[in-house]
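Inspection log for the structure reproduced underneath, given as structure tokens.
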Amino acid sequence: MQGTMTAKFSEEMLKRIEEILKRYATKRAAVLPVLYLAQKEFGCINDTALAAVSRALKISRADVYGLATFYSMFHEEPLGRNVIFLCDNLACTLLGAESLRDHLEKKLDIRMGETTADGRFTLKNAECLGACGQAPVMLVNDDFYEGLTEARIDEVLEKYK
Ligand code: FES
């Protein structure tokens, strides 16, 4: 919890929060957009970010934490510059997602959920990405890749620095 007593948003973020609060009936209702700003400012939703949101909105850290962990777009650890979401649901698994996961883990030298030492990639698993007919699939940031093979993955990774 070190440093959380003084955890604060920058002046610029505080102004943006003020603007957001004008659009909501209560401070509590603004938690999601403010968490989003916190993730931008602090790089992830760590103790410092939780404390800053709690302080800015005057709601308990436990409440902020509960919401942050409910929504998958908030991360407790800083992410890499590029985030790979590999689908591991049924259709993708039947068509080889497990061996693609092994391939990615070996190639990037990390395990699922981790970030490479150079901060270039974070590897995450995803629930069905809604493209079972093109399985196996993955997302890299906002880019969608389907019909994956190990060779195709190698090619795709080259595009992201
Ligand atoms: S199971 Fe992978 S996209 Fe549906």
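The loop-placed trypsin sites (Lys or Arg not before Pro) in the range 26-79, going by DSSP, that have at most 12 neighbouring Cβ atoms within 10 Å of their Cβ come out as Lys58. Which shape class applies to the range 55-113: rounded if a/c is under 1.5, otherwise prolate when a/b exceeds b/c and oblate if not, where a ≥ b ≥ c are the square roots of the Cα gyration tensor eigenvalues? In terms of gyration-tensor shape, prolate.
Of the residues Leu94, Met138, Leu148, the one whose Cα sits farthest towards the positive end of the charge dipole of the range 82-158 is Leu94 (charges of +1 on Lys and Arg Cβ, -1 on Asp and Glu Cβ, taken about the Cα centre).
Pairs Lys22/Lys58; Lys106/Lys159; Lys40/Lys161; Lys40/Lys124; Lys8/Lys159; Lys8/Lys124: which are spaced more than 25 Å apart, C-alpha to C-alpha? Result: Lys8/Lys159; Lys8/Lys124 exceed 25 Å.
Shown here for the range 8-50: chymotrypsin sites (Phe, Trp or Tyr not before Pro) in loop regions (DSSP other than H, G, I, E, B) with at most 15 other Cβ atoms within 10 Å, namely Tyr24.
Per DSSP H run of n ≥ 4, the term is -39500 (n - 2.57); total these for the chain, divide by its residue number, and report the mean residue ellipticity at 222 nm rounded to 500 deg cm²/dmol.
Value at 222 nm, helices only, nearest 500: -13000 deg cm²/dmol.
Given +1 at the Cβ of Lys and Arg, -1 at the Cβ of Asp and Glu and no other charges, the dipole of the range 82-158 around its Cα centre is 120 debye to the nearest 20. DSSP assigns beta bridges within the range 59-161; of those with both partners inside it, close to 55 percent run antiparallel. For the chain, the square roots a ≥ b ≥ c of the C-alpha gyration tensor eigenvalues yield an a/c of 1.5 or more together with a/b exceeding b/c, which makes the shape prolate. Entry for the range 82-158 at q = 0.13, 0.27 Å⁻¹: log10 I(q)/I(0) = -0.31, -1.43, Debye formula applied to identical alpha-carbon scatterers, no solvent contribution.
Taking all Cα pairs closer than 8 Å and separated by 6 or more residues, the relative contact order of the chain comes to 18 percent.
In a simple Cβ point-charge model (Lys, Arg +1; Asp, Glu -1; nothing else charged), the chain has a dipole of about 900 debye relative to its Cα centre.
Bear in mind these aren't lab numbers, they're just calculated from the coordinates by the rules spelled out. Small disclaimer: the values here were computed from a predicted structure and weren't measured. Neighbour counts are summed over all protein chains in view; Cβ atoms, including those assigned to glycine, are modelled from backbone coordinates with ideal geometry.
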